[in-house]
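Trainee: A single structure is presented below for examination.
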Amino acid sequence: MLETTVILILSGLLALREVLHHKERKDMLDRLMARNFIEYKDNERMEKNNLEPEKDETVELVDAKDALYGEEDNS
């Protein structure tokens, strides 16, 4: 029982250490990739996405040619 408890506690501590190291490595990479301190600080929080989805305004090829070159007489 005691051995199991010690193993679980040590496993939990190792998992916590890995999570903290991952966050620290990510922060270090962000610092290295930033051109200056202001750019690094601006990237600490996520920005809200203000983009609107694109509208799909596809047209048929014949209609597009007619719009560009005018309608052709086939008589």
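A short reminder: the numbers here are calculations on the coordinates, not readings from a lab. Computed from a prediction, not measured in an experiment: that's the story for all the values here. Neighbour counts are summed over all protein chains in view; Cβ atoms, including those assigned to glycine, are modelled from backbone coordinates with ideal geometry.
Trainee: Where in the chain lies the longest segment free of GluC sites (Glu not before Pro) that are both loop residues by DSSP (not H, G, I, E, B) and have at most 11 other Cβ atoms within 10 Å?
Mentor: Result, exposed sites excluded: 1-43.
Trainee: Of the trypsin sites (Lys or Arg not before Pro) in region 12-55, which ones lie in a loop per DSSP and count no more than 11 other C-beta atoms within 10 Å?
Mentor: 35, 45, 48, 55
Trainee: Now for a different question. Stretched out fully, how many nm does the piece from residue 44 to residue 27 gain, at 0.36 nm a residue minus the Cα gap?
Mentor: In short, 5.2 nm is gained.
Trainee: Something else about it: What dipole magnitude, in Debye to the nearest 20, does the chain give about its Cα centre under +1 on Lys/Arg Cβ and -1 on Asp/Glu Cβ?
Mentor: My answer is approximately 1280 debye.
Trainee: What is the diffusion coefficient of the chain in µm²/s, taking the Kirkwood radius over Cα pairs and the Stokes-Einstein relation at 10 °C with a viscosity of 1.306 mPa s?
Mentor: Calculated translational D: 83 µm²/s.
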